[in-house]
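K.L.:
Next up is a structure, given as structure tokens.
The values are calculated or read from the model by the stated rules, or taken from the named source; none is laboratory data. Everything quoted here is computed from the prediction, not taken from an experiment. Quick reminder, even Gly has a Cβ in these numbers, built from the backbone with ideal geometry, and neighbours come from all protein chains shown. Side chains are part of the model used for accessible areas, which takes the heavy atoms of the whole protein and leaves out ligands, DNA and RNA. Shrake-Rupley method; radii C 1.70, N 1.55, O 1.52, S 1.80 Å.
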Amino acid sequence: MKKLLLSVMLSFAFTCASFAVEDRNSQSLSKLTPTIDQWLSFNYAANPKISPDGRYVAYETTSGNWEVNAFESKIWVGEIATGKLRQLTNFKGSSYSAEWFPDSRQLAFLSTRDGTPQIYLVNVTGGDAVPLTRTERGVNSFARSPNGLRLAFTTADPEQEDRKIRRNKYGDFQIVGEMSPSLKIGRASCRERV
């Protein structure tokens with residue numbers, strides 16, 4: 001745990017030091033205020049989740065992606081005993097909301113890698129993430145059953161055909177006073193996926 005904490009602190013220190021590199025003439029610290037571009041390019045760590053066996057910690061890093069003009073999150077796993085860090089997700093889009101399985105060998109998470117948020121499952125030692133859902137409107141949130149065999153999730157109702165035709169013909173629109181799409185509750189089996 002101390003090695004992991006030390007590596008996170010060193011990472012933060014190096015990031016802070018990178019702002020000061022431009023100041024080689026020992027200007028005062030008040031003149032080293034980061035620019036907007038520097039702040040938007042900063043990597044933020046958040047949402048740590050300790051594995052059930054206490055050996056790992058999964059967390060998200062968020063940074064600006066200038067090519068697509070968006071913030072993207074990736075999931076990392078740290079081994080607490082050694083402090084070794086490994087990026088678990090590294091594909092386009094964001095990966096977030098990681099949930100450990102009881103055996104501490106798998107993580108379920110949401111990812112926008114194929115457009116709308118879907119649930120994926122990945123082994124913490126690496127490998128390809130396996131999609132567990134393919135809902136039209138994407139998954140809003142999910143929860144794992146205590147035994148790890150099932151997931152429950154919420155998603156919006158599929159778009160009605162007449163609305164699709166209208167949207168394709170006229171672009172995005174909103175009917176004032178109309179209720180927003182209702183949510184559905186779904187479930188997925190997690191047996192022998194990864």
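K.L.:
Using a 1.4 angstrom probe on the protein heavy atoms only, could you order Phe142, Phe101 from most to least accessible area? Could you put the intermediate results ahead of the total?
P.N.:
Working: Phe142 30, Phe101 5 Å².
Accessible-area ranking of Phe142, Phe101, largest first: Phe142, Phe101.
K.L.:
Could you give the length gained by full extension between Asn123 and Ile36, i.e. 0.36 nm per residue of separation minus their alpha carbon distance, to one decimal place? Walk me through the numbers before you get to the answer.
P.N.:
On the way: separation 87, 0.36 × 87 = 31.32 nm, distance 3.70 nm.
Contour length minus Cα-Cα distance gives 27.6 nm.
K.L.:
Quick one: which residues, 5+ away or cross-chain, put their amide H under 5 Å from the amide H of Ile80? H built at 1.01 Å from N.
P.N.:
Result for Ile80 returns Tyr56, Val57.
K.L.:
While we're looking at this one, here's another question. Report the extension gain between Arg163 and Thr62 in nm, rounded to one decimal, defined as 0.36 nm multiplied by the number of residues separating them, less their alpha carbon distance. Kindly include the intermediate steps, with their values, before the conclusion.
P.N.:
Details: separation 101, 0.36 × 101 = 36.36 nm, distance 3.43 nm.
Gain in length upon complete extension: 32.9 nm.
K.L.:
Taking H placed 1.01 Å from N in the peptide plane, check which residues at least 5 places from Ser141 or on another chain put their amide H under 5 Å from its amide H.
P.N.:
Thr154
K.L.:
Another question, then. Mind ranking Lys74, Lys169, Lys84 by accessible surface for me, highest first, 1.4 Å probe? Could you put the intermediate results ahead of the total?
P.N.:
Numbers: Lys74 30, Lys169 145, Lys84 120 Å².
The ranking, largest first, comes out as Lys169, Lys84, Lys74.
K.L.:
FRET efficiency for Ala45 and Asp103, Cβ-Cβ distance as r, R0 = 22 Å, nearest 0.05? Provide the component values of the computation, followed by the final result.
P.N.:
Numbers: r = 25 Å, r/R0 = 1.14.
That pair, Ala45 with Asp103, gives E of 0.30.
K.L.:
In whole angstrom, and with the biggest value first, how far do the Cα coordinates of the stretch 84-174 range along each principal axis?
P.N.:
Per principal axis, max minus min of the Cα coordinates gives 52, 28, 17 Å.
K.L.:
Let me ask something else about it. Ranked from the most accessible area to the least, with a 1.4 Å probe and all protein chains present, what is the order of Ile50, Ile75? Could you put the intermediate results ahead of the total?
P.N.:
Values: Ile50 110, Ile75 0 Å².
Result, largest first: Ile50, Ile75.
K.L.:
Which values of log₁₀ I(q)/I(0), to two decimal places, follow from the Debye formula for the stretch 32-133 at q = 0.11 Å⁻¹ with a uniform point scatterer at every Cα?
P.N.:
Result of the Debye calculation: -0.35.
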